[in-house]
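One structure below.
The values are calculated or read from the model by the stated rules, or taken from the named source; none is laboratory data. Please read all numbers here as calculations on a predicted model, not as lab measurements. Heads up, the Cβs are rebuilt from the backbone with ideal geometry, glycines too, and the neighbour counts pull from every protein chain shown. Side chains included, ligands, DNA and RNA excluded: accessible areas come from the protein's heavy atoms. Shrake-Rupley method; radii C 1.70, N 1.55, O 1.52, S 1.80 Å.
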Amino acid sequence: MNRPPIYPAPAPMHAPTTGNAVGETAPPITAPVDPLFLAAPRVSTFHGKQPLTNASGFFFERDERLFLVTSRHVVIDEDTQHFPDRLEIELHLDASNLTRSTGFSMLLYNEGEAVWRQGKDSGGEIDVAVIELDRAALPDESVIRAFSPAHLSSSFADVHPGESLLVVGFPLGFHDALHHLPVLRHAVIASPYGIRFQGNGYFLTDARTHRGTSGAAVVMRDPNPSDETTALPWKLLGVHSARMDMGDRDLVLDESLGLNCAWYADILLTLTALRDTEVLDA
């Protein structure tokens, strides 16, 4: 999660001009785009009309219901006095012409009650939040690719030490502002997958990340997609939360560790199974 402004500045919503002639519309983009890029919208937080921060997120669907997944500290962070009351995401409107997009706003409170769902387990609170989206309120032409329970890893043994991963997000708000697409950062598994690092509900990744990547999907390519996952052939392993560093590191002599926390994605099975806005026990 990071504070505005965003650089480069975002392109105008809907079809922008090319700059070659006044009012000229950008030509349709015909190059194929991996569906992974269409599963991760940019997230912006607001308090009223006041922009607060920029972050990352991704879509998850289950039983015909659609959710936005991001970090819990994106929707509320008591330590930094971050209290937004709504989010806005960017939605593509044309799979062929990716310059066409629109903003979709959602309130974070309904009659004073938080609409997001968060969780905890034996290790404590989990820095993941999900918000159910009203499909009927989305534009009819919305182009959305979503992960599902079928994208979760069914066996810890399938994820090996040093496994090559991708973090799909918006570091420092940076992205393809013309086509409204996230960027990918390469990562590797840095702790045994399936073991809670220091008893917490996350594993470590070794990657170069920045503020604004909070809530990003941590994925690896699925070499054998099933009928359920062939349209989005990636394994969803985790939700990127924050960089990890040592509290006693000499800021002058010692480099940053370059390690990050990624919460295990199976928490989404708990958060999307119940319609309860209270804290859920995993």
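Quick look at the numbers
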read-out	value
Exclusive hit being in contact with a helix residue (DSSP H, G or I) (Cβ under 9 Å, 6 or more places away or on another chain) and modelled with pLDDT of 95 or more, set 46, 58	58
Close pairs from region 171-200: first more than 15 Å from residue 101 (Cβ to Cβ) and free of Cβ contacts under 8 Å to residues at least 24 places away in the same chain, partner open to solvent by less than 40 Å² (accessible area, probe 1.4 Å) and of a type in the set (Phe, Trp, Tyr), Cβ under 8 Å, at least 6 apart	183/170; 191/203; 195/203
Checklist (1) modelled with pLDDT of 85 or more; (2) not in a loop (DSSP other than H, G, I, E, B) applied to residue 243, failing item	(1)
Residues satisfying the stated conditions in region 141-179, i.e. of a type in the set (Phe, Trp, Tyr), open to solvent by 60 Å² or more (accessible area, probe 1.4 Å) and assigned to a loop (DSSP other than H, G, I, E, B)	174
Selection count where residues are among the basic types (Lys, Arg) and touching a Pro at 6+ places or on another chain (Cβ under 8 Å), scope region 59-83	1
Meets criteria (among the charged types (D, E, K, R), touching a His at 6+ places or on another chain (Cβ under 6 Å) and surrounded by fewer than 16 Cβ atoms within 10 Å (Cβ to Cβ)) for residue 85	yes
Boolean, residue 184 is among the aliphatic types (A, V, I, L, M), over 19 Å from residue 266 (Cα atoms) and over 18 Å from the mean Cα position of the chain (by Cα)	no
Matching residues in region 51-75 - criterion: being more than 12 Å from the chain's Cα centre (by Cα), over 18 Å from residue 236 (Cβ atoms) and buried (at least 17 other Cβ atoms within 10 Å of the Cβ)	52, 53, 73, 75
Qualifying residue in region 133-140 (condition: in contact (Cβ under 8 Å) with a residue 24 or more places away in the chain and either assigned to a strand (DSSP E or B) or crowded, with 20+ Cβ neighbours inside 10 Å (or both))	yes
Region 52-101: number of residues that are part of a loop (DSSP other than H, G, I, E, B) and either under 17 Å from residue 218 (Cβ atoms) or not aliphatic (A, V, I, L, M) (or both)	13
Residue within region 104-127 that is more than 30 Å from residue 199 (Cβ to Cβ), touching an Asp or Glu at 6+ places or on another chain (Cβ under 9 Å), of a type in the set (Ser, Thr, Tyr) and crowded, with 21+ Cβ neighbours inside 10 Å present	no
Residue in region 224-240 that is most open to solvent (accessible area, probe 1.4 Å), counting only those that are outside any strand (DSSP E or B) and of a type in the set (A, V, I, L, M, F, W, C)	231
Tally of residues being out of contact with any strand residue (DSSP E or B) (no Cβ under 6 Å at 6 or more places or on another chain) and in a strand (DSSP E or B) across region 102-114	4
Test: residue in region 186-194 that is in a loop (DSSP other than H, G, I, E, B), open to solvent by less than 20 Å² (accessible area, probe 1.4 Å) and touching a Phe, Trp or Tyr at 6+ places or on another chain (Cβ under 7 Å)	yes
Matching residues, region 207-223, being modelled with pLDDT of 90 or more and open to solvent by 40 Å² or more (accessible area, probe 1.4 Å)	221
All positions within region 203-221 that are in contact with a helix residue (DSSP H, G or I) (Cβ under 8 Å, 6 or more places away or on another chain) and in a loop (DSSP other than H, G, I, E, B)	209, 210, 211, 212, 213, 214, 215
